[in-house]
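Participant: Starting off with a structure, shown below.
The values are calculated or read from the model by the stated rules, or taken from the named source; none is laboratory data. No experiment lies behind these values; they were computed from the predicted model shown. Cβ placement follows ideal geometry from the backbone for every residue including glycine, while neighbour counts extend to all protein chains displayed. For accessibility, only protein heavy atoms count, side chains too; no ligands or nucleic acids. Shrake-Rupley method; radii C 1.70, N 1.55, O 1.52, S 1.80 Å.
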Amino acid sequence: MKPFVKPQHREAWKALQVLSQSAQPHLRELLKDPKRIDQWQVSGAGISIDYSRQRVTTEVLQQLLALADESQVMAQAEAMFRGDAINATEERAVLHVALRGSHVPNPPWGQSISKQVGDELLRVCMFAEKVREGQLKGHAGESITDVVNLGIGGSDLGPRMTTEALSHLTRESYKNKVRVHYVSNVDAWSLYTTLATLNPARTAFVVQSKTFTTQETMTLATSAKRWLLDAGCPEGQLHQHLIAVTANPQISQAQGFSPEHTFGFWDWVGGRYSVWSAIGLPLAISIGAFAFQDMLLGARAMDEHFMSAPKDQNLPLLMALLGVWNRNFLGATTHNIAPYASPLGKFASFLQQMDMESNGKRTHIDGSPVEVATAPVLWGGLGIDGQHAYFQLIHQGQHLVPMDFIGLRTERSPLPFAAEHHRVVLLNMQAQAQALAIGRSPEETVQALRDSGVDEAEVQRLAPHRSYPGNVPSTTIWVDALTPRSMGALMALYEHKVFCQAAIWGIHAYDQWGVELGKKMAKDMEA
Ligand code: F6P
């Protein structure tokens, strides 16, 4: 194996440093090139990105691509797809990509993994359909109508976010009105507000936990059992209302979950990358097994794009490189995710875990300290709401906040006036991206105020407050419509972006030791 090289010692990194210290054109200048918008667009797996508003020149882009080469990003990706134990501190392979490729002939991870994945996927899909058809019966013989997911982190965010993003399918396809609820917080109020509306005889709980030891989830599961017992469910029939999804079935079965109601996944699936596994069960119940499989196909399409597209056309790689440029060379400490589609309201939270739990690291793969910046603070929420709240800081505050605008080409709302709403949404998204990029200089502001008839003393008083520095970099990500396929591709796009950045920074993306100390202390304090 080649000795590890710190990122800042790579030739391309040094060249990028020189470039970032030399005068770089303002986005206002770059965007004067009428060809820029067309030239700085890339598509794949049904998704397009427009990165014309990133602060990169052709020279910068070339060096970023050279950095990817020097860091052997694609060779590292091949190692992941092959099932090498790239999660070295836990001595595990990282194969969430196998979860959406069990149909692929000659997969790099091997037939035996594909077989295990395919078998479990079939069990999950059949069970989801059984629930949807009202065939899952509670202790009193009544059909289950409400499924409550108990889980946290990766055992909550992926299925919760996608259930909301694809909720139009829930409405379109429900035959028996099964509703799916999510409770992640051990705060009793959270459980109470969900249970208060439900009938215990018709409620089932999906307890999702890779380890089946997470204190919060286990506490919720115990209380859920208590609630069922208090409502008259005989102890011996509790298992009819309980479903476990875990990589640790010994523990779940010791707690009374039946083998038929236990769905498994493997230690090579990281929690934050697990929505493609049996962890997607509540989603499959919500949108149907076929739609769930379509989401896997969307992610697979992005996997194929990632592994085959030329580097300068490779969506995840380009997004990763732009992120590295912003973080390491332009000094951006945060990154905002702004979807302009209300069903994506939880997308930023989902990405927060994926990105920050993966790349919030300070130790290189060889154990040496990292001396460059790694993951930015990723945050965000619906762009339209953000415009009327925190966008002020992005326009005129002191942080450089690169943005991902996410827009839909088609809106699925059946309301007759949906097209008009969609027009307003996209108009705003594009206006924000442009305003953040070009800003308005003090001279232009003075002129604008004079043109609107403001008297000269007022012009001088107001101009500093009403000027905008601009030069805020952004990428606009275009998704055709919110479908299972496009959601699969969008999530996989970000997964591979995170992978590429870790490969460049030389850090482990798939462990999360940072969260362990607090858990241990909670246990110690309890003792
Ligand atoms: O504490 C962090 C974490 O371990 C995440 O990585 C994980 O997604 C979450 O907790 C839940 O873990 P589990 O699925 O084992 O309950």
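Participant: Quick one: work out Rg over Rh on the C-alpha atoms of the chain, Rh as Kirkwood radius.
Facilitator: 1.00
Participant: With the crude spin-label approximation of a point 7 Å out along Cα→Cβ, what separation in nm comes out for residue 196 versus residue 420?
Facilitator: 3.7 nm
Participant: Any idea how far apart residue 466 and residue 20 come out in nm if each label point goes 7 Å out from Cα toward Cβ?
Facilitator: 3.6 nm
Participant: Oh, and also: Per residue, how much accessible surface does the range 411-526 expose to a 1.4 Å probe? Answer in Å², no decimals.
Facilitator: 50 Å²
Participant: Still on this model: Rounded to whole Å and sorted largest first, list the principal axis extents of the Cα atoms in the range 124-174.
Facilitator: In descending order, the Cα extents are 32, 26, 17 Å.
Participant: Can you give me the distance in nm between label points at residue 481 and residue 59, each placed 7 Å from the Cα along the Cα-to-Cβ direction?
Facilitator: With each label placed 7 Å out from Cα toward Cβ, I get 4.6 nm.
Participant: Return, ordered by residue number, the residues of the range 327-367 whose backbone nitrogen is under 20 Å from a label point located 7 Å along Cα→Cβ of residue 410.
Facilitator: From the range 327-367, the list is 340-344.
Participant: Could you point to the residue in 319, 242, 474 farthest towards the positive end of the chain's charge dipole, with +1 and -1 charges on the Cβ of Lys/Arg and Asp/Glu respectively?
Facilitator: The one lying farthest along the dipole's positive direction is 242.
Participant: Could you give the angle, 0 to 90 degrees to the nearest 10, between helix 58-70's Cα long axis and the longest principal axis of the Cα atoms of the chain?
Facilitator: 40 degrees
Participant: Leaving out ligands, DNA and RNA, what percent of the accessible area of the chain is carbon and sulfur, probe 1.4 Å?
Facilitator: 54 percent
Participant: A further question follows. Please work out the FRET efficiency for the pair residue 526 and residue 230, using the Cβ-Cβ distance as r and a Förster radius of 22 Å; give the result to the nearest 0.05.
Facilitator: After rounding to 0.05, the efficiency reads 0.30.
Participant: Another question about this same structure. By how many degrees, between 0 and 90 and to the nearest 10, does the Cα long axis of helix 516-526 differ from the longest principal axis of the chain?
Facilitator: It works out to around 50 degrees.
Participant: Nearest 10 degrees is fine. How inclined is helix 418-438 to the longest principal axis of the chain, computing both from alpha carbons?
Facilitator: 50 degrees
Participant: Then there is this: Out of the trypsin sites (Lys or Arg not before Pro) in the range 1-35, which ones are loop residues according to DSSP with at most 12 other C-beta atoms within 10 Å?
Facilitator: Those satisfying the criteria are 32, 35.
Participant: How high is the relative contact order of the chain, in percent, counting Cα pairs under 8 Å that sit 6 or more residues apart?
Facilitator: 21 percent
Participant: A further question on this structure: Relative contact order for the range 78-229: what percent, with Cα pairs under 8 Å and sequence separation of 6 or more?
Facilitator: Contact order relative to length: 21 percent.
Participant: Could I ask something else about it? Can you give the calculated 222 nm mean residue ellipticity of the chain, where each DSSP H run of n ≥ 4 adds -39,500 (n - 2.57) and the sum is split over every residue, rounded to the nearest 500 deg cm²/dmol?
Facilitator: Rounded to the nearest 500, the figure is -13500 deg cm²/dmol.
Participant: While we're here: By how many nm would the segment from residue 307 to residue 516 grow when fully extended, if each residue of separation counts as 0.36 nm and the alpha-carbon distance is taken off?
Facilitator: Difference between extended and current length: 71.9 nm.
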